[in-house]
1. Are any residues in the stretch 144-170 part of a loop (DSSP other than H, G, I, E, B) and surrounded by 19 or more Cβ atoms within 10 Å (Cβ to Cβ), and if so, which ones?
2. Can we say TRP245 is surrounded by fewer than 16 Cβ atoms within 10 Å (Cβ to Cβ) and within 24 Å of the chain's Cα centre (by Cα)?
3. Can you confirm whether SER90 is within 19 Å of TYR328 (Cβ to Cβ), part of a strand (DSSP E or B) and in contact with a strand residue (DSSP E or B) (Cβ under 7 Å, 6 or more places away or on another chain)?
4. Pull up the stretch 270-300, narrow it to residues that are among the small types (Gly, Ala, Ser) and in contact with a helix residue (DSSP H, G or I) (Cβ under 8 Å, 6 or more places away or on another chain), then point me to the one that is farthest from PRO232 (Cα to Cα).
5. If you scan the stretch 171-214, which residues turn out to be assigned to a loop (DSSP other than H, G, I, E, B) and under 23 Å from GLY324 (Cβ atoms)?
6. Which residues, counting only those in the stretch 52-65, are over 20 Å from GLU323 (Cα atoms) and either within 14 Å of the chain's Cα centre (by Cα) or surrounded by fewer than 16 Cβ atoms within 10 Å (Cβ to Cβ) (or both)?
7. Right, GLN86: among the polar types (S, T, N, Q), surrounded by fewer than 14 Cβ atoms within 10 Å (Cβ to Cβ), modelled with pLDDT of 95 or more and under 29 Å from ILE212 (Cβ atoms) or not?
8. I'm trying to understand the selection: among the residues of the stretch 203-233, which are loosely packed, with under 11 Cβ neighbours inside 10 Å and within 30 Å of SER282 (Cβ to Cβ)?
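The values are calculated or read from the model by the stated rules, or taken from the named source; none is laboratory data. Small disclaimer: the values here were computed from a predicted structure and weren't measured. When we count neighbours, we look across all protein chains shown, and the Cβ atoms used for this are built from the backbone with ideal geometry, even at glycine.
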Amino acid sequence: MKPLTPLSKTLVFFSGIILLSIALGILARNSGAVYNQGVFLVIHEKRKWAKERHMFDPQKKSVIFLGNSVQLAALKPQDFDNATQQKTQSFNFSLPALPIGPGLFVLQSLCQSWGKPDYIVVRIVTDNSRIPGLFDTNAVQGIGGREFFSYLFRRSNKAFALNGIFPLRMNIGGTLKYLKNLVLDPEDIHRTYSENRSILDQLRADRGWYYIEQQAIFPDGRLPDDYALVDPKHLTPLVPDPFEWSPDAYFKQFLDYTAEQGIKILLISSVYREGTAAPWASQPPEFIEIPKHYPHVYVSKHSWERKFLPNRFWSDKTHLNPEGARLYSQMIAADFMDAFGGEF
């Protein structure tokens, strides 16, 4: 047998590296479907769902909610549709801890697979792409090739790419547990996977709304009335900053894409715990300037205002519990009908 040439040795070495990377990637995906963070499973499931064939109810106006984890837990389609007297069929495709870029790609998948929605209700979250953060782990869950390479070329921070290429590094503990239980406790793998699948099936049944129960601070899923409030002197109305177009490249791309598709947008503010944040002293300039440049973007009489709910409607400092979601969804439905009710 002839000895390998230097070129052959190099090819064998890199082929081994590639095969090992593929094997580790498959292992990471399999273990991740069992032992992984709930938010990772939710993001992966929503991206998968958006690419599946589906049809909006032609007898109703279709509405998509976009935002981050606040909107994920706060906007409940069933309660929103009840508040519009079933004139709408809404779905929540908010993605936890992610800016508008991933939301844009989900929307594009929806338009291709479901057809374009009539309306989008969105709290636009932007990202400067330079600072490492939750984007680097959350954004790669279920990501497609086109989206991956778009971020690779357009984002200053490339840390997400390492997680996309080597997903094992995001879930080493879960992967080791998976390997251990393959030998010692395979029943735990089947049981945990089934539990995860039940949660994700419920996510779909709730049309994308997700109660972040695992982060609840108290067992009953509600905060005490006096929990973590701030000094009232810090709650004087806020004067908005002057408007500047966000450096997030996907911000204008989202606005341009929805304009091309003829999708109407309602801009909303977020929801806060009473006694922890201040209202706006006046309408923030972005709620004035964006509709000036994009006529398909609407702001209703109160949609720009921050919404407030007392502690008992929150499961943690950031996310609403189911009762809070019902009330907030009703508030946003009122804003929606104020903007578009005349079109029904």
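1. Answer for the stretch 144-170, where residues must be part of a loop (DSSP other than H, G, I, E, B) and surrounded by 19 or more Cβ atoms within 10 Å (Cβ to Cβ): just ARG155.
2. Yes: the conditions hold for TRP245.
3. For SER90, the condition - within 19 Å of TYR328 (Cβ to Cβ), part of a strand (DSSP E or B) and in contact with a strand residue (DSSP E or B) (Cβ under 7 Å, 6 or more places away or on another chain) - is met.
4. If we take residues in the stretch 270-300 being among the small types (Gly, Ala, Ser) and in contact with a helix residue (DSSP H, G or I) (Cβ under 8 Å, 6 or more places away or on another chain), then SER300 is farthest from PRO232 (Cα to Cα).
5. ASP206, ARG207, GLY208, TRP209, TYR210, TYR211, ILE212
6. Result: GLU52, ARG53, HIS54, MET55, ASP57, PRO58, GLN59, ILE64.
7. Taking the combined requirement at face value, the residue satisfies it.
8. ASP231, PRO232, LYS233
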